[in-house]
1. Nearest 0.05, what FRET efficiency do residue 64 and residue 18 give at R0 = 30 Å with Cβ-Cβ as r?
2. Do you know the relative contact order of the range 30-70, to the nearest whole percent, from alpha carbon pairs under 8 angstrom that are 6+ apart?
3. Taking the range 16-66, which trypsin sites (Lys or Arg not before Pro) meet the DSSP loop condition and have no more than 13 other C-beta atoms within 10 Å?
4. Would you mind counting up the charge near residue 65? Only other residues with Cβ under 14 Å from its Cβ, with Lys and Arg at +1 and Asp and Glu at -1.
5. Using the basic label-point model (7 angstrom from Cα toward the beta carbon), what is the residue 53 to residue 41 distance in nanometres?
Amino acid sequence: MADIINQPNRLPLSTRAKSLGDSIQLKKGSILQRPGDQKKLGYVVIRGLLRSYIIDSKGKEHNYMFALSL
């Protein structure tokens with residue numbers, strides 16, 4: 001995967017990332033992975049922002065990662 005993204009190429013990075021496999025579109029607020037899901041896939045954000053967070057025992061959300069688009 002890294003070879004395809006890092007290779008010198010005249011194509012935009014977003015175009016090269018799309019060639020890695022299937023693409024999905026999610027609407028704002030959609031959940032990509034839920035607790036207990038097996039993480040078999042990697043994701044590339046082509047457009048938008050992805051927020052990763054956990055919810056503690058008191059129900060409070062804690063952000064631990066943001067992924068910006070290419």
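No lab work stands behind these numbers, since they all come straight from the coordinates. Everything quoted here is computed from the prediction, not taken from an experiment. Using ideal geometry, Cβ is built from the backbone for each residue, glycine included, and neighbour counts are taken over all protein chains shown.
1. 0.65
2. 38 percent
3. Within the range 16-66, the qualifying trypsin sites (Lys or Arg not before Pro) (loop, at most 13 other Cβ atoms within 10 Å) are 27, 28, 39, 40, 47, 58, 60.
4. Charge balance in the 14 Å sphere: +1.
5. For residue 53 paired with residue 41, the spin-label model returns 2.2 nm.
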